[in-house]
Structure formats: C-alpha cells, structure tokens
Amino acid sequence: MNKKKIIIAAALALFSFTAAFLFAWLTAPTPQDPADQTDEQTLLADYQADLQLPPPKASAAGPTQAKTRKTMTDKQLKSLIYEVREKILEYDDKLQTLEVREQRLPRAQEMLKKDINDLDNLRVELASVVAGLKEQQEILRQSRVRIAEAEKNNLVSMAAAYDKMDPASAGQILTNMSRMQDGRLGGANLDDAVKILHYMSERTKAKLLAELVGSEPKLAAVFCQKLKQIVEEN
C-alpha cells in the first residue's frame, strides 16, 4: 500500500510541474511588433542625441530569432508533454500491477494458512504413528524368547530326552510347565517350554503340536507364535 501512495504522489508532483510550466509559458510576454520596436528605437536615439550619448548597439535578437526561440520552446513543450504522458502510462501500469498483487495477496495468505494447518495435522498424525510403532517395537522386544549361550547346552540335552518320549506324554509335560499356579498360561516356565520345543527334532515337534491342537489348541497357538520369537544370543 505504501508503494501505491508513493507512485500517486509522484504522478501528482509531475502534473503540478507540467501545469506550472504551461502557465509560465502562456503568460510570458510576446515579442514586440517590428514597427513598435522601430518607434522605440527612434525615440531612444533622439533622447540619446539630446543627451549626447553614444547610440546603443543594435540588438541581435530580431523577429527571426524570436520566432526561432518560440519554435524551440514549442518543441520542448511537445517533448515534455510526450514524456509526461509516457510517465503517466508507466505509473498506471505500476498501479494496476500493485492492485493485482494486492488482490492476490489475501488468497495466497489463505492458501498458506491452509498448508500450515495441513502440515501441523500431518505432524500430529506422524507423531502418533511413530509413538505406536515404538510401542509395538517395545512389545515385540519384551515378547522375544532369548536363549543365552550358557543355557543352550542344557536345553539341547532336555530336548533330546523329550524326543525319545511319546508325543502325547511330552506334550502333557510341556502343558503343565506352561501354566502358572492359577492355571493361566504364561510366566517364565512357558518360555522354558518353548525353548525345549525349539531344540526338539522337527518330526517330534510336529507330532507334539498335533497332539496339543486336539487337547490344548490355545497353548498350541502360543507355542507356534513364540517359536518365531526365539533369539539365540552368542
């Protein structure tokens, strides 16, 4: 808005200058007629003769020079008017450009605010997703069944013994091992049962899980899930 005011003020100043120039040019005294100029020179010569003064030098500016001076002034005036018109057109173009920018500015600001709001909402959603992923990662880390190097040999020996048992009997032992005192599945013993099952032969493991599907389907599902979460530490 300040630029618009500056351009309007400059245009007004240029108009004022042009009006003053035209007024000065129109009110300037016109050159005297040659006959009047001759009469004045005659009177002046008679007066100087009475006073015994030397005659004045003839003026170099005659009617031709006055006409030439006026012609030059007309050309300058036309040139000035042309320049003023060009400046006015230039200022009009600048004013129109500023008006278009001012009209587009509110819309651009609204679009920018909308984009900022969308980015803020997206940031909140991403933060929620990241928090959920971290939570799932922590749950997965805690749910892993880790086998330490020190207990690996004992687990392998126990698994070999279970391999020699009947799948139904071995499954019954692991089922009892996986239950807590209140009868629910869970606890450290459940992880021990999964570790033993991990080191059993694939054939015996398959038969044992098949037996559990009929008698303890929920436990069989837990065993299958935890077998995928075993991590052997070196």
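The values are calculated or read from the model by the stated rules, or taken from the named source; none is laboratory data. Remember, predicted model here, so these are calculated numbers, not experimental data. Positions of Cβ are generated from backbone atoms using ideal geometry, with glycine treated the same way; all protein chains shown enter the neighbour counts.
The lone criterion from (1) of a type outside the set (S, T, N, Q); (2) surrounded by fewer than 10 Cβ atoms within 10 Å (Cβ to Cβ); (3) more than 28 Å from the chain's Cα centre (by Cα) left unmet by Pro106 is number (3).
Matching residues to (1) part of a helix (DSSP H, G or I); (2) out of contact with any strand residue (DSSP E or B) (no Cβ under 6 Å at 6 or more places or on another chain); (3) closer than 18 Å to Ile147 by Cα; (4) acidic (Asp, Glu):
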| residue | (1), (2), (3), (4) |
| --- | --- |
| Asp163 | yes, yes, no, yes |
| Ser169 | yes, yes, no, no |
| Met177 | yes, yes, yes, no |
| Leu190 | yes, yes, yes, no |
| Val194 | yes, no, yes, no |
| Leu209 | yes, yes, no, no |
| Lys218 | yes, yes, no, no |
| Lys226 | yes, no, yes, no |
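Can you spot a residue in segment 151-159 that is loosely packed, with under 10 Cβ neighbours inside 10 Å, assigned to a helix (DSSP H, G or I), aliphatic (A, V, I, L, M) and assigned by TED's automatic domain parsing to the domain that holds Leu209? No, segment 151-159 contains no residue that is loosely packed, with under 10 Cβ neighbours inside 10 Å, assigned to a helix (DSSP H, G or I), aliphatic (A, V, I, L, M) and assigned by TED's automatic domain parsing to the domain that holds Leu209. For segment 98-115, the criterion of being closer than 30 Å to Ala210 by Cβ and touching a helix residue (DSSP H, G or I) at 6+ places or on another chain (Cβ under 6 Å) is satisfied by no residue at all.
For segment 212-222, filtered to residues that are in contact (Cβ under 8 Å) with a residue 40 or more places away in the chain and surrounded by 19 or more Cβ atoms within 10 Å (Cβ to Cβ), the residue that is farthest from Met158 (Cα to Cα) is Glu216. Scanning segment 135-176 for residues being at pLDDT 85 or above and either of a type in the set (S, T, N, Q) or in contact with a Ser or Thr (Cβ under 9 Å, 6 or more places away or on another chain) (or both) gives a total of 17. Asp182 fulfils the conditions (1) of a type in the set (D, E, K, R); (2) modelled with pLDDT of 90 or more; (3) in a loop (DSSP other than H, G, I, E, B) except for a single criterion, (2).
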